[in-house]
Amino acid sequence: MTDSLKLKGLRKRLVDDLHRKGINDLKVLQAMNAVPRHLFFPSDFISRAYEDAAFPIEADQTISQPFTVAFQTQLLDVNPGMRVLEIGTGSGYQAAVLCQIGAIVYTIERHELLYRTSSKKLSELGYAAHCIWGDGTGGAPKYAPFDRILVTAASPEDVGVLELQLKEGGKLVVPVGDKNVQRMMLVERGVENNFTRTFHGEFKFVPLVGKYGWKPEI
Ligand code: SAH
């Protein structure tokens, strides 16, 4: 699998752009400078991989816009060694960024095709994420509790099931709202089931579909 000086240059330019747009967590910027985003792209469109834009992948899903990945990861406040659950593996790019930071990553994808493609890609690139195929709206109780939980699809606002899979001091970042627009919600778990919720701007994600998510479109 190939990287090149040209692609590295484009990647650095994208990271500088993210910094200008307000991303200042060095861990996030360094990780995004290291992960070859183009390798998570459909092969015909590699030249588009370092634009700050979302892009369609298989199964009518999207690889999130780099700014969104950077913003969510910064808000999540990840440190090396933390146990992190991602819901919505998609291309696997966000999971790779979390691995690159040094987190222990569990990631769930409901589309079998995407699960297969992304788990293969992550392992080929040496990212040791634990990939799970299934409905992630109920979290991953078997592997809980987590230091951090990140949802990368648009969720209904009640995320009580996920909150309970956080450790004390844990954080959950999830875009909540209807299918057209979502607010980025940060939930911080304090002691004795004390949860603090704050909101951080508007975004647009594909819907989270499943038991505690939205119903599949017919
Ligand atoms: N994090 C991804 C982008 C995700 S797009 C990346 O870096 O490329 C959102 C993903 O969430 C889609 O792949 C979609 O299939 C998945 N998804 C939707 N509902 C889900 C659910 N209930 N459980 C797990 N994955 C889900």
### Message
Can you say whether residue 136 is touching a residue at least 24 places away in the same chain (Cβ under 8 Å) and out of contact with any helix residue (DSSP H, G or I) (no Cβ under 6 Å at 6 or more places or on another chain), as far as the supplied structure shows?
### Response
yes
### Task
Under 8 Å between Cβ atoms, at least 6 apart or on separate chains: pull out the pairs that start in the range 4-21 with a residue that is closer than 13 Å to residue 36 by Cβ and end on any residue that is hydroxyl-bearing (Ser, Thr, Tyr) and at pLDDT 95 or above.
7/50; 10/50; 11/50; 14/50
### Task
Return only the number of the condition from (1) open to solvent by less than 60 Å² (accessible area, probe 1.4 Å); (2) over 13 Å from the mean Cα position of the chain (by Cα) that residue 120 does not satisfy.
(1)
### Query
(1) over 16 Å from the mean Cα position of the chain (by Cα); (2) over 27 Å from residue 165 (Cα atoms); (3) not in a helix (DSSP H, G or I): which one isn't true of residue 53, the others all being true?
(1)
### Message
So for the range 112-126 (the condition being in contact with a strand residue (DSSP E or B) (Cβ under 7 Å, 6 or more places away or on another chain), outside any helix (DSSP H, G or I) and closer than 15 Å to residue 152 by Cβ), does at least one residue qualify?
### Response
no
### Query
Could you say whether any residue in the range 132-143 is open to solvent by less than 50 Å² (accessible area, probe 1.4 Å), among the small types (Gly, Ala, Ser) and closer than 30 Å to residue 43 by Cα?
yes
### Task
Could you please give the count of residues in the range 90-105 that are open to solvent by less than 10 Å² (accessible area, probe 1.4 Å) and of a type outside the set (Gly, Ala, Ser)?
4
### Message
Which pairs turn up if I take residues in the range 85-109 that are over 12 Å from residue 149 (Cα atoms) and near the ligand (Cβ under 8 Å from one of its atoms) and look for partners that are among the polar types (S, T, N, Q) and outside any helix (DSSP H, G or I) with beta carbon separation below 6 Å, at least 6 apart in sequence or on another chain?
### Response
89/107; 90/61; 94/152; 109/89
## Note on the structure
Among (1) in a helix (DSSP H, G or I); (2) in contact with a Ser or Thr (Cβ under 9 Å, 6 or more places away or on another chain), residue 13 falls short only on (2)
### Message
Filter the range 168-196 down to the residues that are assigned to a strand (DSSP E or B) and over 19 Å from the mean Cα position of the chain (by Cα) and list them by number.
### Response
168, 169, 189, 195, 196
### Query
Hey, among the residues in the range 62-84 that are within 13 Å of the ligand (Cβ to nearest atom) and part of a loop (DSSP other than H, G, I, E, B), which one's surrounded by the most Cβ atoms within 10 Å (Cβ to Cβ)?
64
### Task
Can you tell me which residue among 210, 201 is surrounded by 17 or more Cβ atoms within 10 Å (Cβ to Cβ) and modelled with pLDDT of 95 or more?
210
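The values are calculated or read from the model by the stated rules, or taken from the named source; none is laboratory data. No experiment lies behind these values; they were computed from the predicted model shown. Cβ atoms come from the backbone with ideal geometry, glycine included; neighbour counts cover every protein chain shown. Side chains are part of the model used for accessible areas, which takes the heavy atoms of the whole protein and leaves out ligands, DNA and RNA. Shrake-Rupley method; radii C 1.70, N 1.55, O 1.52, S 1.80 Å.
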